[in-house]
Each structure stands twice: as C-alpha cells, then as structure tokens.
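> The following block contains the structure, expressed as structure tokens.
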Amino acid sequence: MSGNNSPITGSDKPGLKAFLNPGWVIAAVLVVGFTYLAIAVLAPWQLGKNSDTNERNEQLDAAFAVQPVDFAELADDSGRIDPSDEWHRAILRGHYVPEHEVLLRMRPVGGGPAFNALTPFELDSGEIVLVNRGYVPARNTEVPPIAPAPSGEVTLTTHVRVDEPTPTQAPMNDQGYEQVWGINTEQISELTGLPLAHDFVQLTADQPGVLTAQPLPAKESGPYLSYGLQWIAFGIMAPLALGYFVFAELRERRRDEEDMAQASALDPLSQPQPYLSETPTEAPPKRARYGEKRNSAFHRRAERDEERF
C-alpha cells in the first residue's frame, strides 16, 4: 500500500484569500469606519469651529475699529440689528424709563452669580430700546442693592447686541422685581407692556446709569485647527497601519513556505515513504513570527548534524 504524504505548507490559503476570515474582515470594517468618522465628521466639525472663531474675531476687530454711530444707522425700523454688526458702538439720546426696569436673574459673571439691570430707554425719536446697564454681584438669590437709573435727558455710548433666544423658564416676580432668565426683548416687551425695539444695547464703562459694565468678549484662537488636522492625520494613519500588518502577514507566510521547502529538500523523512506510508510525517514546529528568532527546519537539521558528529 502506497501513500501520498505531501509536506505541510505554511498556509492553506494562498495570497490575499488568507485574509478572508472574521478577524481580518472585522479589522478592515473598523478601520474603514474610523477613517470615515475622522475625515468626514470629526475633522470638519473642528475646522468649522475654527472658522467660526476666526469670523468672530474679525467681527470684533471691525466693531472696535470704527467710531460710534447713531443707533438708527445700525438698526432697521423695528430696531433689529444685523448679526454682522453686533458689538458695534452706537449712540443713544433720550431718557431712561426706570419704572419698567427688569432684572436678569442669576447670570454668572466672573465666576459668580449676578443680577443685571435691564432698563428701557426712550429715544428722542420715540423709539424704546432695552439697555443692559450692567451687573451687581450676588452672594445668593437675594437681590443686592441696585442703583437707580438717572432721570432726565442723557446721551449713552453702547454696544449693540442681538436678542437672545426666549428662555425656557417663565419670568417671575420676586422681592419686588420682575425677573427674567434671558435677554429676549419680545418676552420683556410682553412683561412691561412697552413696544421695545427688537434687539438691545449694552452700556460701556463710565456711562450714565452704568452699574458694573459687562466684560467685552476676548478674542481667542482656540485649539480647533490643530484638532481638525489631528483627526485628518488619524484618518490617514489607520488604513496605512492596516496595510502594514497585511504586508507583514504576507511576508511571514512566504517565509513559512520557504522554510517548509528547505525542510523538504534536506530531511528525507519529509519525502513520501512508499513502505512507511502509515507513519505520519511530523510537521516541523512553526518558527517565531514577526522578527523573533527563527526556528526553521533547516536550522533544526543543522543542529542535529552537529550533535551526531
């Protein structure tokens, strides 16, 4: 009885077919998903925030570079301010309407809570604009003493501001003051019964009626550009890393096949044995992979020869 014992090869699946197994398929899917997320979602998100920050900085530079103008030059007939004109300086001439003052409740300033005084201001033209006179720090929910707005005709230098969204919490009357949770002129107009302009203004320091002026926004660059570039780099590196491991695996499989071929050429027992066909041919143990010390059949045969002699 004859046998057909062929030497064991380093891989049962030649070429790239060897990677059609769950482990490699899952790794490829994860890499593709991560690359898409990094380049198509996370990088644009951070780069978009960087663009928004740059536009805001340019808007602040433009606002402070020009001289104050009359409020009517920045607002339309309804008192609406173009968002691109926010923070420009505007001059208002008229008088306060202190009997309709409203407090902005517990707005954090400088790391602590504060109350802002929102006082209507009637222009000489008859239009009524809401003025944020600044803030007074508070230690708790108790309203601190608030200096009243001056009476009589005054001229104010202010920064125009765009209306805030309508607060989710309803206004409240507490400690003798009408109090709101945001500066929304439509809500405050309903609360006071006055036809306020659509947007409002914020007093600068040293103006008539100012308390402590709200701090102006600082220009910032932020880390958004570097974060966006990092996500792009990660998205590129992930498939490159997968490609490297595929290349390394193919290289190791080729080395396995070369070792088996050397074992077949040097070891007679590895050849087909017609009279000892029932004796299985022992496959040489696999060598270490990826750069470790090689333990091929060729090296084992050399070691046996040295021991024999």
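> Of (1) more than 24 Å from residue 84 (Cα to Cα); (2) among the small types (Gly, Ala, Ser); (3) in contact with a strand residue (DSSP E or B) (Cβ under 8 Å, 6 or more places away or on another chain); (4) in a loop (DSSP other than H, G, I, E, B), residue 126 satisfies all except one. Which?
(3) is the only condition that residue 126 fails.
> Which pairs do you get when a residue that is under 19 Å from residue 234 (Cβ atoms), found in the range 22-38, comes within reach of a residue that is among the hydroxyl-bearing types (Ser, Thr, Tyr), reach meaning Cβ atoms under 6 angstrom, with the pair 6+ apart or on two chains?
none
> Also: Give just the number: which of (1) at pLDDT 85 or above; (2) of a type in the set (Val, Ile, Thr); (3) closer than 29 Å to residue 227 by Cα; (4) surrounded by 11 or more Cβ atoms within 10 Å (Cβ to Cβ) does residue 81 not satisfy?
Condition (3) is where residue 81 drops out.
> Next question, about the same structure. Among the candidates 248, 283, 218, single out the residue that is at pLDDT 75 or above and either part of a loop (DSSP other than H, G, I, E, B) or over 30 Å from residue 116 (Cα atoms) (or both). Show your work before the answer.
Details: 283 fails: at pLDDT 75 or above; 218 fails: at pLDDT 75 or above.
Only one candidate qualifies: 248.
> Do we find that residue 101 is more than 19 Å from residue 180 (Cα to Cα) and surrounded by 16 or more Cβ atoms within 10 Å (Cβ to Cβ) in this structure? Let's see the steps before the verdict.
Details: more than 19 Å from residue 180 (Cα to Cα): no; surrounded by 16 or more Cβ atoms within 10 Å (Cβ to Cβ): yes.
When the stated conditions are applied, residue 101 does not pass them.
> Which pairs turn up if I take residues in the range 176-197 that are part of a loop (DSSP other than H, G, I, E, B) and crowded, with 22+ Cβ neighbours inside 10 Å and look for partners that are modelled with pLDDT of 95 or more and of a type in the set (Phe, Trp, Tyr) with beta carbon separation below 9 Å, at least 6 apart in sequence or on another chain?
183/200
> Which numbered condition in (1) surrounded by fewer than 19 Cβ atoms within 10 Å (Cβ to Cβ); (2) of a type outside the set (A, V, I, L, M); (3) at positive phi; (4) at pLDDT 95 or above is the only one that residue 153 fails?
Status for residue 153: all satisfied but (3).
> Just to verify a result, which residue in the range 74-96, among those that are in a loop (DSSP other than H, G, I, E, B) and touching an Asp or Glu at 6+ places or on another chain (Cβ under 7 Å), is farthest from residue 123 (Cα to Cα)? Break it down into steps so the answer makes sense when it comes.
Start the filter on the range 74-96 by keeping residues that are in a loop (DSSP other than H, G, I, E, B), which leaves 76-80, 82, 86-88.
From what's left, touching an Asp or Glu at 6+ places or on another chain (Cβ under 7 Å): 79-80.
Values: 79: 12, 80: 15 Å.
Looking at the filtered set, the residue picked out is 80.
> Which is surrounded by fewer than 17 Cβ atoms within 10 Å (Cβ to Cβ) and either without any contact (Cβ under 8 Å) to a residue 60 or more places away in the chain or in a strand (DSSP E or B) (or both), of 144, 120?
Working: 120 fails: surrounded by fewer than 17 Cβ atoms within 10 Å (Cβ to Cβ).
Going through 144, 120 in turn, just one is surrounded by fewer than 17 Cβ atoms within 10 Å (Cβ to Cβ) and either without any contact (Cβ under 8 Å) to a residue 60 or more places away in the chain or in a strand (DSSP E or B) (or both): 144.
> For the range 198-209, what are the residues that are buried (at least 19 other Cβ atoms within 10 Å of the Cβ) and either over 22 Å from residue 81 (Cα atoms) or at pLDDT below 95 (or both)? Reasoning before the result, please.
Taking the range 198-209 first, the residues buried (at least 19 other Cβ atoms within 10 Å of the Cβ) are 199-203, 209.
Answer for the range 198-209, where residues must be buried (at least 19 other Cβ atoms within 10 Å of the Cβ) and either over 22 Å from residue 81 (Cα atoms) or at pLDDT below 95 (or both): just 209.
> Okay, next question. Looking only at residues that are small (Gly, Ala, Ser) and more than 15 Å from residue 48 (Cβ to Cβ) in the range 222-250, which one is farthest from the chain's Cα centre (by Cα)? Steps first, answer last, please.
Let us first name the residues in the range 222-250 that are small (Gly, Ala, Ser), namely 222, 226, 228, 233, 235, 238, 241, 243, 248.
Filter again for more than 15 Å from residue 48 (Cβ to Cβ), leaving 233, 235, 238, 241, 243, 248.
Numbers: 233: 16, 235: 16, 238: 20, 241: 25, 243: 29, 248: 35 Å.
Among those that are small (Gly, Ala, Ser) and more than 15 Å from residue 48 (Cβ to Cβ), it is 248.
> Could you check, for the range 55-72, whether at least one of its residues is at pLDDT 80 or above, farther than 30 Å from residue 186 by Cα and out of contact with any helix residue (DSSP H, G or I) (no Cβ under 8 Å at 6 or more places or on another chain)?
So far as the range 55-72 goes, yes, one or more of its residues are at pLDDT 80 or above, farther than 30 Å from residue 186 by Cα and out of contact with any helix residue (DSSP H, G or I) (no Cβ under 8 Å at 6 or more places or on another chain).
> I'd like to verify a number: residues in the range 123-141 that are surrounded by 15 or more Cβ atoms within 10 Å (Cβ to Cβ), out of contact with any Asp or Glu (no Cβ under 7 Å at 6 or more places or on another chain) and within 15 Å of residue 92 (Cα to Cα), how many? Let's see the steps before the verdict.
Kept after step one, since they are surrounded by 15 or more Cβ atoms within 10 Å (Cβ to Cβ), are these residues of the range 123-141: 123, 127-136, 138.
Then keep just the ones that are out of contact with any Asp or Glu (no Cβ under 7 Å at 6 or more places or on another chain); that gives 123, 127, 129-136, 138.
Restricting the remaining residues to those that are within 15 Å of residue 92 (Cα to Cα) gives 123, 127, 129-133.
Total satisfying the criteria: 7.
> Can you name the condition, by its number, that residue 236 falls short on among (1) modelled with pLDDT of 90 or more; (2) part of a loop (DSSP other than H, G, I, E, B)?
Answer for residue 236: the failing condition is (2).
> Right, here's the next one. Report, by residue number, each residue of the range 150-173 that is in a loop (DSSP other than H, G, I, E, B), over 23 Å from residue 87 (Cβ atoms) and of a type in the set (A, V, I, L, M).
So the first thing to find is which residues in the range 150-173 are in a loop (DSSP other than H, G, I, E, B), and the list is 150-153, 162-171.
After this cut, where a residue has to be over 23 Å from residue 87 (Cβ atoms) as well, the list is 150-153, 168-171.
The one that is in a loop (DSSP other than H, G, I, E, B), over 23 Å from residue 87 (Cβ atoms) and of a type in the set (A, V, I, L, M): 170.
> Only residues in the range 198-211 that are closer than 26 Å to residue 77 by Cα count as the first member; pair them with residues that are of a type in the set (Val, Ile, Thr) and in a loop (DSSP other than H, G, I, E, B), Cβ under 7 angstrom, at least 6 apart or cross-chain, and list the lot.
199/162; 200/183; 203/210
The values are calculated or read from the model by the stated rules, or taken from the named source; none is laboratory data. Here the structure is a predicted model, which means the values were calculated and not measured. Backbone-built Cβ (ideal geometry, glycine too); neighbour counts: all protein chains shown.
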